[in-house]
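To start, the structure under review is shown below, and the notes come after it.
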Amino acid sequence: MAQYPLRKRRVIQSAINTFADGSMIASNINANTQFVWELSYIDLTSVDQTALQDHFAACQGPLMPFIFIDPTDNMLSNSSALTLGAWIAAPLLSVTGGAADPIGGNTAFTLVNSSPVDQQISQTISAPAGFQYCFSLYAAASTPASLRLGLSASSLQSQTFSATANWTRLAACLQLSDSQMSFTASIIVPAAQTVVVWGPQLEPQLSPSRYRATADSGGVYQNAHLLGNSITFESEAPGLFSTLISIETT
């Protein structure tokens with residue numbers, strides 16, 4: 001996906017009115033906010049080089065859009081608001097906000113499953129299902145309980161964890177053998193269990209990074225474009241290459 005360090009810029013267009021006395025009024029045009037990523041790659045093998053060249057050719061340079069997952073962001077939307085539209089809770093799962101969270105606030109959510117079968121709260125993400133993902137959250141329970149973190153498309157992969165009185169960050173490293181262009185991330189609460197959760201995060205890597213709260217959109221961009229009309233590689237050593245790729249989204 002990416003190598004570090006990488007550079008991410010936010011570009012905001014501003015409308016400026018200049019008056020006869022030289023004074024100005026400026027306002028941001030938020031609808032035209034753009035993000036630009038500069039991804040530097042080193043020690044690429046010939047296989048890596050070919051993959052990037054093929055992607056550039058398939059997009060016809062900057063012409064065709066593609067799905068880009070921000071490697072510095074949380075793919076889930078409304079990560080701090082589990083009762084909003086992006087999240088879908090099973091009918092028999094109670095989801096209540098206002099619980100104490102691990103950073104001293106009251107933004108955690110209590111999940112209560114009073115039914116005799118598993119219940120879940122989930123969110124569907126429009127991104128390739130077959131990537132390697134890390135799905136994580138913080139969990140606690142007044143009495144020992146369990147929960148599962150899962151990813152599903154045509155199949156389900158999940159991992160079971162225990163929750164105790166102390167806040168613990170749980171992380172499931174999962175990869176589906178599916179080629180679909182969307183998948184579902186689920187917090188699964190077993191029968192007759194109550195858990196408190198905070199900070200769900202999904203990212204395309206092997207382990208969780210620092211939690212980043214999201215609002216009505218996560219770090220998945222459906223209309224990304226490559227910048228530049230060519231891709232250039234430098235030879236570092238026999239069979240090893242480096243390059244710089246810029247990506248823009250609106």
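The values are calculated or read from the model by the stated rules, or taken from the named source; none is laboratory data. Source: prediction; values computed, not measured. No Cβ is skipped: glycine too gets one built from the backbone with ideal geometry, and neighbour counts run over all protein chains shown. All accessible areas refer to the heavy atoms of the entire protein, side chains included, with ligands and DNA or RNA removed. Shrake-Rupley method; radii C 1.70, N 1.55, O 1.52, S 1.80 Å.
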### Query
How many residues, within segment 133-146, are touching a residue at least 40 places away in the same chain (Cβ under 8 Å) and farther than 13 Å from W198 by Cβ?
7
## Note on the structure
Those residues of segment 208-225 which are among the aliphatic types (A, V, I, L, M) and open to solvent by 10 Å² or more (accessible area, probe 1.4 Å) amount to A213, A215, V220
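Can you name the residue in segment 197-207 that is assigned to a strand (DSSP E or B) and among the aliphatic types (A, V, I, L, M) and is also surrounded by the fewest Cβ atoms within 10 Å (Cβ to Cβ) among such residues?
Narrowing segment 197-207 to residues assigned to a strand (DSSP E or B): 197-203.
This time we only want the ones that are among the aliphatic types (A, V, I, L, M), so: 197, 202.
Values: V197: 25, L202: 28.
It comes out as V197.
So how many residues does segment 1-34 have that are modelled with pLDDT of 85 or more, loosely packed, with under 10 Cβ neighbours inside 10 Å and more than 30 Å from A127 (Cα to Cα)?
The first filter runs over segment 1-34 and keeps only residues modelled with pLDDT of 85 or more, leaving 2-11, 17-25, 34.
Of the ones still in play, those that are also loosely packed, with under 10 Cβ neighbours inside 10 Å are 4-5, 10, 17, 19-25.
Restricting the remaining residues to those that are more than 30 Å from A127 (Cα to Cα) gives 17, 19-25.
Total satisfying the criteria: 8.
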### Query
Within the set of pairs 6+ apart or on separate chains, which have a first residue in segment 36-65 that is within 18 Å of S230 (Cβ to Cβ) and part of a helix (DSSP H, G or I), a second that is open to solvent by less than 50 Å² (accessible area, probe 1.4 Å) and hydrophobic (A, V, I, L, M, F, W, C), and C-beta atoms under 6 Å apart?
Q49/F233; Q49/F241; F56/I231
### Message
Out of L76, L39, I need the residue that is open to solvent by less than 10 Å² (accessible area, probe 1.4 Å), over 16 Å from Q222 (Cβ atoms), modelled with pLDDT of 95 or more and not charged (D, E, K, R). Which one?
### Response
L39
### Message
Of everything in segment 51-73, what is among the β-branched types (V, I, T) and open to solvent by 10 Å² or more (accessible area, probe 1.4 Å)? Give them in sequence order.
### Response
I67, T72
#### Entry: Subset of segment 202-230 [under 24 Å from P102 (Cβ atoms) and touching a Cys at 6+ places or on another chain (Cβ under 8 Å)]
L202, E203, Q205, L206, S207, P208
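Only one of S177, S154 is modelled with pLDDT under 95, part of a loop (DSSP other than H, G, I, E, B), touching an Asp or Glu at 6+ places or on another chain (Cβ under 9 Å) and open to solvent by 30 Å² or more (accessible area, probe 1.4 Å). Can you tell me which? Talk me through it step by step, then tell me what you get.
Values: S177 fails: touching an Asp or Glu at 6+ places or on another chain (Cβ under 9 Å).
The unique qualifying residue is S154.
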### Message
Out of S94, S46, I need the residue that is open to solvent by 40 Å² or more (accessible area, probe 1.4 Å), over 18 Å from the mean Cα position of the chain (by Cα), among the hydroxyl-bearing types (S, T, Y) and more than 30 Å from N113 (Cβ to Cβ). Which one?
### Response
S46
### Query
Looking at segment 98-121, which of the residues that are open to solvent by 40 Å² or more (accessible area, probe 1.4 Å) and over 20 Å from G150 (Cβ atoms) is farthest from the chain's Cα centre (by Cα)?
S114
### Query
Do we have any residue at all in segment 157-174 that's touching an Asp or Glu at 6+ places or on another chain (Cβ under 7 Å), open to solvent by 10 Å² or more (accessible area, probe 1.4 Å) and outside any strand (DSSP E or B)?
no
